[in-house]
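What follows draws every value from the coordinates through simple rules; no lab data is involved. Computed from a predicted structure; not experimentally measured. As a convention, Cβ positions derive from the backbone with ideal geometry for all residues, glycine included, and neighbour counts pool all protein chains shown.
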Amino acid sequence: MMTEEVDRPPVSAAQDAKPDDAAHERRTEAGAGRRAEDSAGARASREGADHLDVIREELENDRRTEANVAEGRPIIRLEDVHLAFDLPVLDGVSLEVRERETLMVAGESGTGKSTILKLILRLLVPESGSVCVFDQEVQDLTFKEALDLRRRIGMVFQNSALFDSLSVFENVAYPLRERNDHLSEEDIRDAVHQRLEFVDLNPAQVDDQLPSQLSGGMKKRVGVARAIITDPEVVLYDEPTAGLDPLTIGKFNDLVRKLQRELGVTSVLVTHDIRTGFRVASRVNLLREGRIVFDGTPEEMVAADDPYIKRFLG
Amino acid sequence: MAGFAANVEERVRGMSTGVLEYFILAGRALRFAVTPPFYWRDTIVQMDRIGVGSLPIIVLTGLFTGMVLALQSSVELKQFGAEIYIGNLVGASMVRELGPVLCALMVAGRAGSGIAAEIGSMRVTEQIDALQSFGTDPIRKLVTPRIIAGLVVLPLLTMVVDTVGIMGGLLIAVFRVGITPDIFLQGVLNTLAQAGFVGFFPKDFISGLVKPLAFGGIITLTACYYGLNTKGGTEGVGAAATSSVVTCSVLILAVDYFLTQLMLVVLSPG
């Protein structure tokens with residue numbers, strides 16, 4: 001059952017983004033609170049600040065967003081996609097991912113965010129609508145064509161999805177071996193070590209370890225190394241920071257930005273962790289009950305006047 | 001009433017879809033067995049896990065089955081002064097029925113549940129999605145090697161069970177009943193020869209190896225089917241393993257009957 005807010009067309013960030021008086025008031029109050037607590041230290045005053053305020057502050061301090069807004073051609077396009085399992089999951093989703101941009105798909109748990117990634121990879125096929133990746137309609141692809149498509153996309157899974165029975169080295173090398181490019185063992189070893197170093201892991205230490213011997217943050221890094229070993233054009237992230245501590249989340253965000261900066265990959269980041277998403281994404285799509293209800297930059301989202309978006313941002 | 005009918009219809013439809021999916025899975029897995037790329041390393045690993053891993057439990061099962069068979073039959077045969085036929089009875093029972101069926105049931109309990117749980121946990125932890133995202137067909141990578149391993153290993157394990165079972169019977173016959181080893185073994189050979197030969201091989205021996213070939217396919221395919229269809233987290237993994245063992249056990253016993261019937265027709269004397 002769709003609510004009135006959901007049935008409305010997606011909020012146009014350019015039209016609807018206007019000063020948020022309520023948030024401004026809260027910010028003023030928070031500012032007053034901070035002044036009162038100055039004697040108790042800046043840290044305490046920051047903890048007392050409004051959550052939305054903190055997000056704004058982080059965005060103001062971090063100007064990377066403008067630099068990352070991509071003007072490239074769309075390489076992933078979903079149009080009016082419907083999909084249901086027992087209940088409707090996606091109810092007319094349309095979105096676009098442009099070359100070299102990082103799109104964050106945000107939304108509450110169970111709204112179909114991960115389903116979008118599976119549609120892009122053609123692990124699922126929509127009941128109606130169109131999913132177009134690299135100018136190919138994924139639902140029209142043969143099984144073999146779908147396998148070829150997937151080789152151009154890297155995916156970082158929510159729980160890393162490392163193969164339990166393989167060592168870290170073999171996990172990262174797996175996509176290379178599957179491509180069957182007749183690489184020598186030495187070439188594979190060099191490539192694996194290069195990617196492990198890229199994600200700040202020491203190959204000598206982790207090569208022979210099993211996934212069960214790694215911490216959550218290390219598993220995520222190995223997952224990223226495995227996703228980029230074949231130099232994919234697109235990297236998909238499914239809740240990459242779920243279950244990580246704040247310090248590790250920070251390191252992970254730096255890693256994602258390093259990937260954008262140094263490898264220039266196009267990324268789709270699915271998360272409900274707003275702060276992580278805003279730090280790395282150039283554009284945000286907000287999913288609610290199977291529909292995109294907002295499409296704009298993180299700044300536009302923070303400034304949006306929509307009550308649901310405000311509630312979502314906390 | 002209408003609700004009940006709808007419920008029954010839904011269940012029947014679900015079951016028939018499941019059976020269809022089962023055979024589609026079998027067809028694809030067997031097609032991948034003859035088309036490259038092949039995962040030979042995975043196949044050998046699975047042979048080791050299913051075959052070598054099951055060996056201790058298989059040896060114990062065969063040994064105690066042969067021993068108890070000799071013990072029980074000796075009580076009955078003694079009444080007629082026919083203890084010398086213990087070898088015939090143990091040999092026929094082990095090679096024709098107990099060897100293949102008990103071996104298959106033990107492998108279904110040990111390796112089948114393991115396969116279902118392993119693939120099931122891969123499903124719920126998105127490792128199968130990860131395989132697909134790297135362009136790997138999970139049926140080719142996970143199912144085909146296990147089915148090939150099952151087809152190769154089950155007949156070998158059955159031969160081990162048959163041999164150990166007959167040796168167990170021999171122990172009881174010699175040390176408890178008091179007949180000589182040569183009489184016991186002569187009885188075993190007589191029974192096997194009685195049904196006739198195909199080439200150099202006794203028909204009972206062939207029949208005893210055709211069954212495990214079928215059972216090997218059933219166990220691995222069923223376990224893979226339940227593993228791939230696991231839903232609902234760790235609870236689902238447990239349910240997949242349980243369903244796999246139950247379905248395998250019923251299928252083994254049912255298929256055993258039909259194969260026995262078939263063998264009696266195909267391998268009948270004359």
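On a per residue basis, the convex hull of the C-alpha atoms belonging to the range B:1-87 measures out at 234 Å³. Could you tell me which of the pairs A:144/B:141; A:118/B:231; A:251/A:310; A:219/A:251; A:118/A:219 are separated by over 24 angstrom between their Cα atoms in the structure shown? The pairs that break the limit, which is 24 Å between Cα atoms, are A:251/A:310. In chain B, the sites counted are chymotrypsin sites (Phe, Trp or Tyr not before Pro) in DSSP loop states with at most 15 other Cβ atoms within 10 Å, and the longest stretch holding none of them, exclusive of the sites, is B:81-199. Using a/c under 1.5 as the rounded threshold, could you call the range B:1-157 rounded, prolate or oblate? The axes a ≥ b ≥ c are square roots of the C-alpha gyration tensor eigenvalues, and prolate needs a/b larger than b/c, oblate otherwise. The shape class here is oblate. Taking other C-beta atoms within 10 angstrom as a stand-in for reagent exposure, B:176, A:279, A:152, B:110 fall in the order B:176, A:152, B:110, A:279, fewest first. Share of pairwise Cα-Cα distances greater than 23 Å in the range B:130-270 is 53 percent (whole percent).
Which residues does a label at residue B:198 reach in the range B:212-227, if reach means a backbone N under 13 Å from a point 7 Å past the Cα toward the Cβ? Backbone N within reach: B:212-214.
Which angle from 0 to 90°, rounded to the nearest 10, does the C-alpha axis of helix B:181-194 make with the longest principal axis of chain B? Roughly 60 degrees, rounded to the nearest 10. Considering only beta bridges that DSSP places wholly inside the protein assembly as shown, some 55 percent are antiparallel. Chain B has equivalent-ellipsoid semi-axes of 40, 20, 18 Å, by the square roots of 5 times the alpha carbon gyration tensor eigenvalues, sorted largest first. Convex hull volume per residue, computed on the Cα atoms of the range B:99-156, equals 61 Å³. Legend: mean number of C-beta atoms from other chains within 10 angstrom of residue C-beta atoms, peptide B:122-132, equals 6. Label point of residue A:85 set 7 angstrom out along Cα-Cβ; within the range A:130-160, amide nitrogens under 20 Å from it belong to A:156-160.
Computed on the Cα atoms alone, the convex hull of the range B:78-185 gives a volume of 104 cubic angstrom per residue. The label point for residue A:166 and the one for residue A:247, both projected 7 Å from the Cα toward the Cβ, are 3.1 nm apart. The packing ranking, built from the mean of other Cβ atoms within 10 Å per residue, places the peptides B:242-250, B:136-144 in the order B:136-144, B:242-250, highest first.
Indicate the gyration tensor shape class of the range A:176-239 (rounded, prolate or oblate), computed on the Cα atoms with a ≥ b ≥ c the square roots of the eigenvalues: a/c under 1.5 is rounded; otherwise a/b larger than b/c is prolate and the rest oblate. The shape class here is oblate.
Inter-label distance, residue B:97 to residue B:234: 4.3 nm, where each label sits 7 Å from its Cα along the C-beta direction.
Against chain B, whose longest principal axis comes from its Cα atoms, helix B:144-172 is set at around 20 degrees. Legend: calculated FRET efficiency, residue B:24 to residue B:171, from the Cβ-Cβ distance at R0 = 56 Å, rounded to 0.05, equals 0.70. Note on residue B:267 and residue A:258: with the Förster distance fixed at 51 Å, the Cβ-Cβ geometry gives a FRET efficiency of about 0.15. Express in whole angstrom the spacing between the alpha-carbon centres of the range A:123-151 and the range B:15-43. Result: 23 Å between the Cα centres. Rounded to the nearest 10 degrees, the angle from helix B:2-32 to the longest Cα principal axis of chain B is 80 degrees.
With the simple spin-label model, which puts each label point 7 Å out from Cα in the Cβ direction, the residue A:215 to residue A:183 separation comes to 2.8 nm. Among the residues of A:117-124, the average count of other protein chain beta-carbon atoms within 10 Å of the residue beta-carbon is 2.
Counted over the range A:146-276 with a bin width of 5 Å, the fraction of Cα pairs per bin, in whole percents, is 2, 11, 22, 25, 22, 13, 5, 1, 0.
Summing charges over all other residues whose Cβ lies under 15 Å from the Cβ of residue A:181, with Lys and Arg as +1 and Asp and Glu as -1, gives -2. Using the Cβ-Cβ distance between residue B:57 and residue A:305 with R0 set to 56 Å, the FRET efficiency works out to roughly 0.25. The range B:67-142 and the range B:143-188 have their alpha-carbon centroids 14 Å apart. Each Cα pair of the protein assembly as shown feeds into the Kirkwood radius, which the Stokes-Einstein equation turns, at 20 °C and 1.002 mPa s, into a diffusion coefficient of 76 µm²/s.
Summing charges over neighbours of residue B:30, with a neighbour being any other residue whose Cβ is under 13 Å away from its Cβ, gives +4 when K and R count +1 and D and E count -1.
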